[in-house]
Each structure stands twice: as C-alpha cells, then as structure tokens.
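Report on the structure given below.
The values are calculated or read from the model by the stated rules, or taken from the named source; none is laboratory data. Nothing here was measured: the structure is a model prediction, and the numbers come from that model. Methodologically, a virtual Cβ is constructed for each residue, glycine included, from the backbone with ideal geometry; neighbour enumeration extends over all protein chains shown. Note: areas computed on protein heavy atoms with side chains; ligands, DNA, RNA excluded. Shrake-Rupley method; radii C 1.70, N 1.55, O 1.52, S 1.80 Å.
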Amino acid sequence: MNSETILLVGHGSREKSGNDEIEAFAAQWRERQPGWRIEVCFIEFSEITMSEGLRRAAESARRVIVVPLILNAAGHVKMDVPQAIDGARLKYPMVQFLYAPHLTACDPILAILKRRLKDAMQALDMPDPTTTGVVILGRGSSDRQANGDMAKMARWLMEETDHELVDLAFTGITYPRLEKAVQRQGLLGMKQVVVLPYYLFNGTLVERIARQVEHLKAQYPTIRFVSTRYFGFEPEIFALLEQRVDDLRRGAPAALMPCDGCKFRDFAVEHGLGGHHHGDAAAHGHDHDHDHDHAHGHVHAHDAVPALR
C-alpha cells in the first residue's frame with residue numbers, strides 16, 4: 001500500500017473534451033512530480049465519481065489528500081466535496097483524509113489574467129488601454145462569496161493595469177451578463193473590448209462564450225473584440241496546487257472553508273439539504289446542466305431557515 005495518494009477533483013463537464021483536459025492536466029502534473037501518486041475524479045458528468053475516486057485512493061494509500069481543481073468556493077467546494085470526504089472517513093477509518101483549499105482569488109491567478117490581457121492587447125495591435133474595456137467573464141453562482149472573489153480579481157486587474165474600465169459578467173445564475181457589460185462599455189466610449197473567460201478548462205459554457213462574442217461582433221461592428229482562452233494549463237495553476245499539498249504535508253494549519261463550522265451546513269447535513277451527492281451522479285441519473293442555472297450555493301450566515309431551499 002502506498003503511503004499517500006493525491007486525489008485531484010475536477011468539476012466535470014458534459015463536453016467530453018473538458019474532462020479529457022483535466023486528465024491531461026493530471027498527466028502533466030505527474031510529469032512535474034514523478035514521485036507523487038496522483039489520481040483524478042469528478043464531481044459530476046463522469047463515471048469517475050467522487051465516491052469512486054475516494055474508494056480507489058483509500059484502498060491504495062494510508063493518507064489521501066483531496067485537492068479541488070476549482071477556482072471559486074461555492075456549493076461544490078463547501079458542501080459536496082466535504083460531504084463525500086465525510087462518507088469516506090466512515091468507510092475507511094484507518095485512512096487519513098486531508099482536504100486542500102480551492103484555488104481562490106490570489107496573485108498567481110491575477111498574473112495569468114494580466115498575461116492573457118497583454119496577449120489580447122497585442123492581438124489588437126496595442127490600442128490605447130484607456131479606450132479598451134475589459135470584461136472578466138465567469139460561471140456565476142448563487143454564493144455571494146464566490147462572486148465576490150471574481151469581483152476582487154476585476155478590481156486587482158484594474159489597479160495593476162492602465163485599463164480604466166474592468167467589468168465583471170457571468171454566464172449564468174447571476175448578473176450582469178456579457179451582453180449588458182458590453183453595452184455599458186460601448187456607451188462609455190470603449191473602442192475595443194477584451195473578454196477574459198474566468199475558466200480553467202473547456203466545456204459547454206466556454207464554447208457558448210465563443211458564440212456570444214461572435215454575435216457581439218455583429219451587433220457592435222464599430223467595436224473590436226478579442227476573447228482569450230481559459231487558463232487551466234498555466235504554470236501558476238500547477239504551482240498553486242503543489243503549494244496546497246506541501247502545506248498539508250508540513251502540517252500547516254489548513255485554511256478553513258468559508259462555511260466550516262457553520263450552523264447552516266450542520267442543519268443542511270442533518271436534514272438532507274446539503275450538496276448534490278454527486279458521488280453517485282452517474283448511478284442516479286443526475287441531470288442538470290452546469291450552466292449553473294440552479295441555486296446550490298451557500299446562503300451563509302444567518303439567514304432564516306426557509307432560505308435553505
């Protein structure tokens with residue numbers, strides 16, 4: 001039996017290429033860390049469910065480090081993954097399970113956005129940044145902390161560049177949407193617009209963004225548009241995950257999830273209202289498109305119990 005397995009948890013996508021990219025990411029990570037045993041599972045839209053991934057890891061190692069390959073902490077990071085780990089701890093009491101923090105808003109992610117923006121400006125032949133609007137476009141969540149992390153990245157990007165207009169938009173759940181952000185930027189005199197998808201890998205939503213940008217080009221013929229690629233394979237992502245693993249190995253205090261110890265989660269678990277239980281998604285025919293047009297976020301703090309719905 002191995003002493004340790006690192007279980008990389010991807011979101012999962014209906015678009016097969018998105019899951020394939022996460023597998024390719026894991027293969028590259030193994031090349032970077034040949035001494036590490038790295039396995040992959042998915043929260044949904046894959047036969048390699050969380051329950052299956054945890055089972056495989058627990059049966060082959062004394063310690064399992066669960067590493068979410070996810071940008072923002074919403075329902076999956078706060079509820080689904082912890083609940084799956086809790087279930088595995090009951091099944092495998094002799095195995096130690098450690099849960100690493102998600103990627104979150106941080107300077108390495110900002111460095112990727114700045115590099116993507118610089119490349120986009122070069123593609124536009126380096127126009128005046130004060131007349132070039134920027135839109136950070138993410139998935140969107142019913143969790144205000146997840147949306148707030150993206151807002152933080154938009155503010156940081158504005159402060160570290162010469163762009164005077166850096167907006168935030170979402171592909172679902174919450175607002176504004178991309179079309180509204182572009183309309184605003186056009187009214188404010190922007191001659192170029194750079195769309196920065198805030199995504200790690202390909203998927204149905206990333207492909208939708210490409211179609212939306214093409215529609216916007218036709219709708220606003222006087223504005224030049226560039227949409228950049230998602231950024232899952234950037235070196236900063238590997239380095240962040242490696243830092244998460246090293247911190248846990250050193251026994252550094254694990255960063256608490258924003259709702260660890262929250263009475264909301266305890267109530268949700270007790271009454272069967274917590275996560276999707278995606279560990280068995282393939283078995284029970286779970287079928288909602290993660291355009292994320294359903295609310296599963298963490299309504300934190302101290303809303304009344306009816307808000308649990």
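Computed over protein heavy atoms with a 1.4 Å probe, the accessible surface of the range 107-227 works out to 45 Å² per residue.
Rounded to the nearest 0.05, the FRET efficiency derived from the C-beta distance between K191 and C106 at R0 = 25 Å is 0.20. Ligands, DNA and RNA left out, the 1.4 Å accessible surface of the range 1-68 is 43% carbon and sulfur atoms. Surface composition of the range 107-227: carbon and sulfur atoms hold 50% of the protein heavy-atom accessible area at a 1.4 Å probe. Computed on the range 107-227, with alpha-carbon pairs under 8 angstrom and 6+ residues apart, the relative contact order is 31 percent. For P101, the shell of other residues with beta-carbons less than 9 Å away shows a net charge of 0, using +1 for Lys and Arg and -1 for Asp and Glu.
For the Cα trace of the range 114-193, dividing Rg by the Kirkwood Rh returns an Rg/Rh value of 0.97. Legend: calculated FRET efficiency, E159 to A123, from the Cβ-Cβ distance at R0 = 25 Å, rounded to 0.05, equals 0.60.
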